[in-house]
């Protein structure tokens, strides 16, 4: 093994499931861009952050936590061609600054490891 092998390992990590704290911050980062729903949040994390996965349980625990704290609110939206309405989520404006700060934590922690490694080769 060489030191370069260690850098390579961390650049190609297997997917990691988000913890609840990460999930809360991730959800807020998405909702700050616009209203969303559960399935979209899960699909989006896999599409935009291929090294991360989000379980249904962790997502809905985070959504319930945020709703209980009144950071987000939900509403039902009827979709064209779909019989059942979707439960949509949005950030409550009075929590906007907190949501932005938590979203920043997600963006910083979700940066690829290569962006956080020193640029000097050993």
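Looking only at residues in region 26-40 that are in contact with a helix residue (DSSP H, G or I) (Cβ under 9 Å, 6 or more places away or on another chain) and touching a residue at least 40 places away in the same chain (Cβ under 8 Å), which one is surrounded by the fewest Cβ atoms within 10 Å (Cβ to Cβ)?
This residue is 32.
Please verify whether residue 16 is loosely packed, with under 13 Cβ neighbours inside 10 Å, touching a residue at least 24 places away in the same chain (Cβ under 8 Å) and closer than 18 Å to residue 111 by Cα, treating the condition exactly as stated. Reasoning before the result, please.
Numbers: loosely packed, with under 13 Cβ neighbours inside 10 Å: yes; touching a residue at least 24 places away in the same chain (Cβ under 8 Å): yes; closer than 18 Å to residue 111 by Cα: yes.
It is true that residue 16 is loosely packed, with under 13 Cβ neighbours inside 10 Å, touching a residue at least 24 places away in the same chain (Cβ under 8 Å) and closer than 18 Å to residue 111 by Cα.
Condition first: within 19 Å of residue 14 (Cα to Cα) and exposed (fewer than 12 other Cβ atoms within 10 Å of the Cβ). Now tell me which residues in region 49-60 satisfy that.
50
Go through (1) in contact with a helix residue (DSSP H, G or I) (Cβ under 8 Å, 6 or more places away or on another chain); (2) part of a helix (DSSP H, G or I); (3) modelled with pLDDT under 90 for residue 13 and report which single condition fails.
Here residue 13 meets the rest and fails (2).
The values are calculated or read from the model by the stated rules, or taken from the named source; none is laboratory data. For clarity, every value in this text was computed on a predicted model and none was experimentally measured. Counting neighbours? That spans all protein chains shown, and the Cβs are built from the backbone with ideal geometry, glycine included.
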